[in-house]
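Trainee: The structure that follows is given in the form of structure tokens.
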Amino acid sequence: MITPRFKPKKKKCKICGIPFVPYNSLTKVCEKSDCRSALALKLLVKQKEKEWKRRKKKMIENLMTVSDWVKKVQKEVNKQVRERDDGKSCITCSTILNSSVKKFDAGHWYSVNHSSVRFDLDNIHGQCVKCNRWLNSNPHIYAMNIVQRIGQENVDRLKGEAYKYKGWSVDVLKKLKEKKK
């Protein structure tokens, strides 16, 4: 038997459940070879599962379409807008947006159909659910308040870019997603 290096405190073996005196504080199983083998096998299986999950994630990413990537990037951008605008007022109705009290949306001034400004943070602002979903973004009030939020120069830039077509590729969207993180 191996002499413990610390004050022994009995533990239960993780495999067989029999109480034993551990060699050190990290020891999880008794000294039976069956228990040690079972623990080693358990750790090996866990490692293989982790490796499989990593490979599976990579395979899924390789199979994703442009549409899938657009959704993924949009989700990341919306998350960023919610973090930025938490505690500010709704762009259209001045309700204070607080994510811990009530959910709010990331509302677009130019809709997502305007691909060139779809992910532009100047085009997206925190909006209460009522204004964004029920009042269809309340566009007239949004247009009046956006100048105060981002300035006339950025509003003019958005107006100039909004009607340009932007075709997305998977590589561009991957880079954009990494940039937005």
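The values are calculated or read from the model by the stated rules, or taken from the named source; none is laboratory data. Predicted model, so just to flag it, every value in this text is computed and none were measured. All Cβ positions, even for glycine, are placed from backbone atoms using ideal geometry, and neighbour counts span all protein chains on display. Calculation scope for accessible area: heavy atoms of the full protein, side chains included, ligands and nucleic acids excluded. Shrake-Rupley method; radii C 1.70, N 1.55, O 1.52, S 1.80 Å.
Condition check ((1) modelled with pLDDT of 95 or more; (2) over 18 Å from residue 113 (Cα atoms); (3) not hydrophobic (A, V, I, L, M, F, W, C)) across all residues:
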| site | (1), (2), (3) |
| --- | --- |
| 39 | no, yes, no |
| 44 | yes, yes, no |
| 50 | yes, yes, yes |
| 56 | yes, yes, yes |
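Trainee: In the list 11, 46, 32, which residue meets the criterion of being farther than 30 Å from residue 168 by Cβ and open to solvent by 100 Å² or more (accessible area, probe 1.4 Å)?
Mentor: Testing whether each residue is farther than 30 Å from residue 168 by Cβ and open to solvent by 100 Å² or more (accessible area, probe 1.4 Å) leaves just 46.
Trainee: Oh, and also: Can you tell me which of 129, 155 is within 14 Å of residue 91 (Cβ to Cβ), modelled with pLDDT under 95 and either of a type in the set (A, V, I, L, M, F, W, C) or loosely packed, with under 14 Cβ neighbours inside 10 Å (or both)?
Mentor: 129
Trainee: Touching a strand residue (DSSP E or B) at 6+ places or on another chain (Cβ under 6 Å) and without any contact (Cβ under 8 Å) to a residue 24 or more places away in the chain: does that describe residue 90?
Mentor: no
Trainee: Out of all the residues in region 125-181, which are touching a residue at least 60 places away in the same chain (Cβ under 8 Å) and either of a type in the set (Val, Ile, Thr) or in a helix (DSSP H, G or I) (or both)?
Mentor: 170, 173, 174, 176, 177, 180
Trainee: Check residue 149 against each of (1) at pLDDT below 95; (2) touching a His at 6+ places or on another chain (Cβ under 7 Å); (3) crowded, with 20+ Cβ neighbours inside 10 Å and name the one condition it does not meet.
Mentor: Answer for residue 149: the failing condition is (3).
Trainee: When residues of region 13-30 are filtered for being modelled with pLDDT under 90 and either in contact with a Phe, Trp or Tyr (Cβ under 8 Å, 6 or more places away or on another chain) or outside any loop (DSSP other than H, G, I, E, B) (or both), how many remain?
Mentor: Adding up the residues that qualify gives 2.
Trainee: Take the residues in region 71-111 that are outside any loop (DSSP other than H, G, I, E, B) and among the hydrophobic types (A, V, I, L, M, F, W, C); name whichever of them is surrounded by the most Cβ atoms within 10 Å (Cβ to Cβ).
Mentor: So, considering only residues that are outside any loop (DSSP other than H, G, I, E, B) and among the hydrophobic types (A, V, I, L, M, F, W, C), the one surrounded by the most Cβ atoms within 10 Å (Cβ to Cβ) is 104.
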